[in-house]
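Each remark here refers to the structure printed beneath this line.
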Amino acid sequence: MRGSTRWSPFDDFFTFQREVDRLFNQFWNDLPTRTAATSPGSFQVNTTDEGWRIDVPLPGVDPKHVSLEAAGTTLTIRVAEPSADGKDKFTQFEQSVSVPQFLDLDKLTASHQHGMLRLSLPLKESVKPRRIPIDSEQKQLTTA
């Protein structure tokens, strides 16, 4: 008995194309994904009892080319670094962050060490937990 299907070079071509697509997709899906902490322009936020600490990776960036601006509840980090060849080209980067109102932008401190920009944002005094003393009046009974 003879088969009812005929050989077609187009079928082989499309089968080959589907196989290449499958291998390509499998290759990219099997690569480890980059985490947010290692992707450019990302930052890591850690909270403490005193406020927030924000770490911004800036590898290879001279801290004198970094500027911080605070306006309202927005903190902007700008990097404008001249290119290595000395021409008028700049490497530019800008990241703006909306800061919650319970953090005190007026007391923001920044440090740079080993390619990591560390920002410390303390809590406002009005939102920090405070201990309230309780007065206890003990009446003394006097005997007459």
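Label-to-label distance for Glu137 and Leu105 is 4.7 nm, based on points extended 7 Å past Cα in the beta-carbon direction. Remark: the Glu125-Ser98 segment gains 7.7 nm on full extension, using 0.36 nm per residue and subtracting the alpha carbon distance.
No value in this document is a laboratory result; all are computed from the given coordinates. Just so it is clear, the model here is predicted, and its values are computed rather than measured. All Cβ positions, glycine included, derive from the backbone under ideal geometry; neighbour counts span all protein chains shown.
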